[in-house]
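Here the structure is laid out as structure tokens; the discussion comes afterwards.
Here, each number is a calculation from the coordinates, and none is a lab measurement. On a predicted model such as this, the values are computed, not experimentally measured, just so you know. For neighbour counting, all protein chains shown are included, and Cβ atoms are generated from backbone atoms with ideal geometry for every residue, glycine included.
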Amino acid sequence: MSSSGAVRLGLGLQHQYVVHSSQGSIPSLGNPPAISFDVVLSCSYLLGSLKGSDAALLRPCRTLKLDCTIRVLYNNDDDDVRLADSTLENGDDLPRMWERTEKLSDENDPPFLCVTGYSSSNKVESHYAAIFGNEPSVGYVYGNVVLVAQGVGGSGSA
């Protein structure tokens, strides 16, 4: 338990959702716009669009007055798990991308507990500039869209 008594729960989403760009533009089939490396895909609008079992997870969280957000959980390796408010689609190198995330560890306050699994249908792919010597290439990290519910522990609350 954290010093404040707060805890965050990660609830994996089971249904598939479309993640739109924060600029609100989706390329058309006829004449797609030029792709920008500054596009960031936001997940915040998904909170009001959850379906089926995902919506069923949200209802008790709201009943308990937990603060609920949709985030992207990136698991780069066993020791590097991070939460982001949006996908990391900007073409920066990985350290710069990680600056916009929260590293999860045992020292987090409030702690983060992933209590349900997540579906591969909500996997998001982010690319970054991977430079090895004089050979630039594109690297990828993968994340899953999750519902994060936060409340305060203790008597009478979640």
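Mind running the shape call on the stretch 105-149? Use the C-alpha gyration tensor, a ≥ b ≥ c as the square roots of the eigenvalues: rounded below 1.5 for a/c, prolate if a/b tops b/c, oblate otherwise.
Note, shape of the stretch 105-149 comes out oblate.
Describe numerically, in nm with one decimal, the distance between label points set 7 Å from Cα along Cα→Cβ at Tyr142 and at Asn76.
1.7 nm
So how far apart, in nm, are the two label points at Asp85 and Thr63 if each is 7 Å from Cα heading toward Cβ?
3.1 nm
Using a 7 Å offset from the Cα along the Cα-to-Cβ direction at both Glu102 and Gln150, what is the distance between the two label points in nm, to one decimal?
0.4 nm
Test of understanding: ordering Phe112, Phe132 by Cβ neighbours within 10 Å, fewest first, what list do you get?
Listed from fewest to most nearby Cβ atoms, that is Phe132, Phe112.
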